[in-house]
1. Please report the net charge: other residues with Cβ closer than 15 Å to the Cβ of TRP32, K and R +1, D and E -1.
2. For the Cα atoms of the chain, what angle does the longest principal axis make with the long axis of helix 29-38, in degrees from 0 to 90, nearest 10?
3. For the chain, what is the calculated [θ] at 222 nm in deg cm²/dmol (nearest 500), taking -39500 (n - 2.57) for each run of four or more DSSP H residues and dividing by its residue count?
4. Label points 7 Å out from Cα along the Cβ direction at HIS21 and ALA54: separation in nm?
Amino acid sequence: MLWHLAPHKIVDYIVIHELCHLIEHNHSPKYWKLVEGYCDDYQECRRWLKDHGANLNI
């Protein structure tokens, strides 16, 4: 069986994304600004997940 895993950078982004929801419970501009404060390339990570997320075995 072939396992597909996300790069560490993407895993970090997912953790940051979820932790930021503890402060902002939505995806408002204020929320994304908070995410960006911890992950300045979050948009690149979002694109990676959109392109590759379906191939991950979780």
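1. Numbers: positive: LYS30, LYS33, ARG46, ARG47; negative: GLU18, GLU24, GLU36, ASP40, ASP41, GLU44.
The answer is -2.
2. With rounding to tens, the tilt is 60 degrees.
3. The per-residue figure over the chain is -18000 deg cm²/dmol.
4. Calculated label separation equals 2.2 nm.
None of the figures in this text is laboratory data; all of them are computed from the coordinates on show. Just so we're clear, the structure is a prediction, and the values are computed from it rather than from any experiment. Note: ideal-geometry Cβ built from the backbone for every residue, glycine included; neighbour counts use all protein chains shown.
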